[in-house]
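Right, one structure below, let's go through it.
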Amino acid sequence: AVGYVGAGTVEFIVNPDGSFYFMEMNTRLQVEHPVTEMITGLDLVEWQLRVADGEPLPLRQDQVVQRGHAVEARLYAEDPERGFLPSTGRLVRLRFPLDHEHVRVDTGVREGDEVSIHYDPMLAKVIAWGADRLEAIDRLRAALEDTDVDGVRTNIRFLWEILGAEAV
């Protein structure tokens, strides 16, 4: 309707009766796109680049197969005990889980990097897949337990506790 050509993200709210309402459209992938990639096995970043190059989407919506569940946690250099204030400093130690099957870590930092006041304090997205929601949550909690960050305060423990809450 607006003449946009390219890949992006359209968000809707869907009611139990099937009615839906448009929320917003972004001309980029959402930060949560790894969740979709893990339950579909598709590389949405590659798709976005191909569409930007003029290629058609490789599949129709009805051809996309979903399997299982995925859950994402955003690991931040912030201090939950101080109102989630950003935490700055050098990443003296930074270890992500490498041997967890069905866990993905997306990060742009590495050990030795400086976390400053000039950039977003997100260190990584940790995403886990499972056959069902509980398995995905259990795998994500295990991955967070095996994540080690020294040099800045993080929200790792906070995330781990939330994922273990009965309401979740």
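We did not get these values from a lab; they are worked out from the coordinates using the rules stated. Given the structure is predicted, the values throughout are model-derived calculations rather than measurements. Because the Cβ atoms are built from the backbone with ideal geometry, glycine has one as well, and the counts that use them run over all protein chains shown.
Please give me the summed charge of the neighbours of T9: other residues whose Cβ is under 10 Å from its Cβ, Lys and Arg +1, Asp and Glu -1.
-2
Under the combined filter of DSSP loop state and at most 15 neighbouring Cβ atoms within 10 Å, segment 7-94 retains these trypsin sites (Lys or Arg not before Pro): R28, R60, R67.
Taking every alpha-carbon pair under 8 Å whose residues sit at least 6 apart, the chain reaches a relative contact order of 22 percent.
How long are the semi-axes of the ellipsoid equivalent to segment 1-74, from square roots of 5 times the Cα gyration tensor eigenvalues, in whole Å, largest first?
Values: eigenvalues 81, 68, 35 Å².
Equivalent ellipsoid of segment 1-74: 20, 18, 13 Å, largest first.
The Rg/Rh ratio for the chain is 1.01, where Rg is the radius of gyration of the alpha carbons and Rh is the Kirkwood radius.
Within segment 58-104, all pairs of alpha-carbon atoms sorted by distance into 5 Å bins from zero give the percentages 5, 11, 14, 15, 15, 13, 10, 7, 8, 2.
Please report the base-10 log of the normalised intensity I(q)/I(0) for segment 121-168, using a Debye sum with one equal scatterer per alpha carbon and no solvent, at each q in 0.16, 0.23, 0.26, 0.27 (1/Å). Result of the Debye calculation: -0.45, -0.86, -1.04, -1.09. Simple point charges give the picture: +1 on the Cβ of Lys and Arg, -1 on the Cβ of Asp and Glu, and for the chain a dipole about the Cα centre of about 160 debye.
Can you list which of the GluC sites (Glu not before Pro) found in segment 1-107 are DSSP loop residues with at most 13 other C-beta atoms within 10 Å? Could the numbers behind the result be given before it?
Values: sites: E11, E24, E32, E37, E46, E72, E78, E81, E101; in loops: E32, E101.
Answer in residue order: E101.
Of the candidates P56, P121, P80, which one comes out as most mobile in a Gaussian network treatment of the chain with C-alpha springs shorter than 10 Å? Comparing P56, P121, P80 in the GNM, the peak value goes to P56.
I want the local charge near G164. Using Cβ-Cβ distances under 12 Å, sum +1 for each Lys or Arg and -1 for each Asp or Glu among the other residues. Taking every other residue near G164 into account, the sum is -2. Go through segment 116-168 and name the GluC sites (Glu not before Pro) that are in a DSSP coil and have 12 or fewer other Cβ atoms within 10 Å of their Cβ. Loop-located and lightly packed - E166. Averaging the Cα positions of each part gives two centres, and for segment 124-168 and segment 13-83 these lie 20 Å apart.
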